[in-house]
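Each remark here refers to the structure printed beneath this line.
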């Protein structure tokens with residue numbers, strides 16, 4: 001169901017109804033208004049409750065995956081109820097529905113995870129047997145790798161809900177995306193910030209993606225003015241999501257599956273070079289990834305660097321070849 005915040009508007013933005021999702025939608029609204037001279041009130045923000053928001057008693061992996069956070073929004077977009085949809089890039093399935101396209105990305109916020117606890121300053125300081133709450137399989141796997149003596153339990157809900165459960169003692173600690181805390185003006189809630197090397201983020205974490213109907217030339221034109229072109233150049237998920245469907249269908253461990261335990265971040269050297277992904281995968285009972293170095297070739301795409309669990313592929317570098325380190329898992333995902 002679409003809930004509107006205004007009527008008679010020139011542009012309708014669809015978003016989840018959580019405080020963070022609405023903050024992201026309002027950021028897009030304000031940027032569009034500033035660039036194109038609209039009144040902010042002329043751009044309508046429509047809060048859409050998704051299946052992922054309604055079902056809170058089970059993990060996403062058990063109820064259908066991350067697509068549950070986008071399904072109803074994309075249906076409204078395809079039906080013409082909204083003109084564009086604002087998503088957290090990490091929550092988007094790898095393959096978009098037919099007729100839809102990602103038209104723009106805002107500049108990426110800090111991609112790191114924030115550790116939050118009332119009884120310890122860092123994950124390493126938690127006492128053995130402490131309970132860490134997170135519904136993310138990636139975070140669960142990374143926590144168990146770094147601290148196998150801790151207990152991990154699913155913890156779902158928006159930022160306020162999870163912080164409230166932490167204060168109530170339901171869990172001893174939790175982890176949230178630092179980008180979300182910053183966008184809500186609550187960065188001070190972070191007890192510590194996790195290292196990118198030890199705790200790689202979800203692919204696309206911190207990036208805001210804007211989805212439109214593929215044939216809506218007006219929406220594409222309006223969004224081109226606020227599109228941060230650095231995002232697809234420097235963020236593998238963004239680049240792969242914009243690539244042809246045959247490439248995105250092979251995206252390694254992106255946001256398309258709630259069962260994925262992989263984290264990824266981009267690395268590279270030299271101005272103008274496409275940054276190849278550095279992947280860490282923790283799945284199938286393996287306690288740590290196997291690291292392999294691969295040579296980037298000028299004509300192969302990075303999506304193939306870790307296309308499947310059992311294959312090694314070269315990465316892509318554009319325009320100049322560079323080197324990347326891509327830990328590749330040897331088992332099946």
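Among the residues of the stretch 50-69, what is the count of those that are modelled with pLDDT of 75 or more and under 17 Å from residue 136 (Cβ atoms)?
Within the stretch 50-69, residues that are modelled with pLDDT of 75 or more and under 17 Å from residue 136 (Cβ atoms) number 2.
Kindly indicate whether any position in the stretch 113-135 is within 21 Å of the chain's Cα centre (by Cα), assigned to a loop (DSSP other than H, G, I, E, B) and not assigned by TED's automatic domain parsing to the domain that holds residue 32.
Yes.
Of the numbered conditions (1) over 21 Å from the mean Cα position of the chain (by Cα); (2) within 18 Å of residue 139 (Cα to Cα), residue 197 satisfies every one except a single condition; which is it?
(1)
Yes/no matrix, rows are residues, columns are (1) at pLDDT below 90; (2) buried (at least 17 other Cβ atoms within 10 Å of the Cβ); (3) touching a strand residue (DSSP E or B) at 6+ places or on another chain (Cβ under 8 Å); (4) within 19 Å of residue 31 (Cβ to Cβ):
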site	(1), (2), (3), (4)
208	no, yes, yes, yes
211	no, yes, yes, yes
217	no, no, no, no
224	no, no, yes, yes
240	yes, yes, no, no
245	yes, no, no, no
249	yes, no, no, no
252	yes, yes, yes, no
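Which of (1) more than 22 Å from residue 155 (Cβ to Cβ); (2) modelled with pLDDT under 90 does residue 36 not meet, given it meets every other one?
Status for residue 36: all satisfied but (2).
The values are calculated or read from the model by the stated rules, or taken from the named source; none is laboratory data. Please read all numbers here as calculations on a predicted model, not as lab measurements. A quick note on method: Cβ atoms are made from the backbone with ideal geometry, for glycine too, and the neighbour counts reach across all protein chains shown.
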